[in-house]
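Notes follow once the structure below has been shown.
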Amino acid sequence: MDKIASFTVNHLELLPGVYVSRKDNVNGNIITTFDLRFTRPNYEPVLNTAEVHAIEHLAATFLRNHKEFGEKDIYFGPMGCRTGFYLILSGDYKSTDIIDLLKETFEFVANFEGEVPGAKARDCGNYLDMNLPMAKYIAKKYLEEVLYKISEKNTNYPN
């Protein structure tokens, strides 16, 4: 069995960033999957599930309600390795095309006050596993260390 494309990326050289993971043609429409890498794999601690869960609820809510990208948003969710998230958009995009969208999204998360959307037993299968303060901290860190300083080393996979 062949390795899937994401398992061929050198994770020992991968930095936090915004990467195009893949592009798929679905019935004549391009779907772009982004790798939003928050921590350096195998060097930094992974994200804990409580902050990942809070970020997922907040970012997914923001993205699905976004004026320009809301209808293009297919999926936002965590990576199994807990080093980041996947964002899937309808359309043919480069990493640099969505930096402003990501800044808006994670500024929203970093500055969020109140109850996390969907954080009730009726709405979520594990609503108690949320950590808003840590989600805000992680979002701010991603903004400051990656999105506000984005460069080629954070948008192109290492060889």
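The values are calculated or read from the model by the stated rules, or taken from the named source; none is laboratory data. Note that the structure is a prediction, hence the values are computed from the model and not measured. Cβ coordinates were reconstructed from backbone atoms using ideal geometry, including for glycine residues, and neighbour counts include every protein chain displayed.
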_Of the residues Val109, Val46, only one is within 25 Å of Ser6 (Cα to Cα), modelled with pLDDT of 95 or more and not small (Gly, Ala, Ser); which?_
Val46
*Determine whether Ser90 is under 19 Å from Thr32 (Cβ atoms), hydroxyl-bearing (Ser, Thr, Tyr) and buried (at least 18 other Cβ atoms within 10 Å of the Cβ).*
no
*Within the range 136-153, tally of residues that are within 22 Å of Glu56 (Cα to Cα) and at pLDDT below 95*: 0
*Scan (1) closer than 21 Å to Asn10 by Cα; (2) buried (at least 17 other Cβ atoms within 10 Å of the Cβ); (3) more than 16 Å from the chain's Cα centre (by Cα) for the single condition Lys153 breaks and write down its number.*
(2)
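Kindly indicate whether Asp35 is under 22 Å from Lys149 (Cα atoms), of a type in the set (Asp, Glu) and touching a residue at least 12 places away in the same chain (Cβ under 8 Å).
Numbers: under 22 Å from Lys149 (Cα atoms): yes; of a type in the set (Asp, Glu): yes; touching a residue at least 12 places away in the same chain (Cβ under 8 Å): yes.
Answer is yes for this residue.
So in the range 20-32, with the set limited to residues that are of a type in the set (S, T, N, Q) and without any contact (Cβ under 8 Å) to a residue 12 or more places away in the chain, which one is farthest from Tyr142 (Cα to Cα)? Even if it seems obvious, please write down each step before you answer.
Start the filter on the range 20-32 by keeping residues that are of a type in the set (S, T, N, Q), which leaves 21, 25, 27, 29, 32.
Applying the additional criterion that residues be without any contact (Cβ under 8 Å) to a residue 12 or more places away in the chain yields 25, 27.
Working: Asn25: 30, Asn27: 34 Å.
Looking at residues that are of a type in the set (S, T, N, Q) and without any contact (Cβ under 8 Å) to a residue 12 or more places away in the chain, I get Asn27.
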*Glu71 versus (1) crowded, with 17+ Cβ neighbours inside 10 Å; (2) assigned to a loop (DSSP other than H, G, I, E, B): which is the lone unmet condition?*
(1)
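If we keep just the residues of the range 101-150 that are in a loop (DSSP other than H, G, I, E, B) and within 18 Å of the chain's Cα centre (by Cα), which is surrounded by the fewest Cβ atoms within 10 Å (Cβ to Cβ)? I'd like the intermediate steps shown before the answer.
Of the range 101-150, the ones in a loop (DSSP other than H, G, I, E, B) are 111-131, 146, 150.
After this cut, where a residue has to be within 18 Å of the chain's Cα centre (by Cα) as well, the list is 111-112, 116-117, 130-131, 146, 150.
On the way: Asn111: 10, Phe112: 20, Val116: 21, Pro117: 16, Met130: 23, Asn131: 18, Val146: 22, Ile150: 16.
The residue in question is Asn111.
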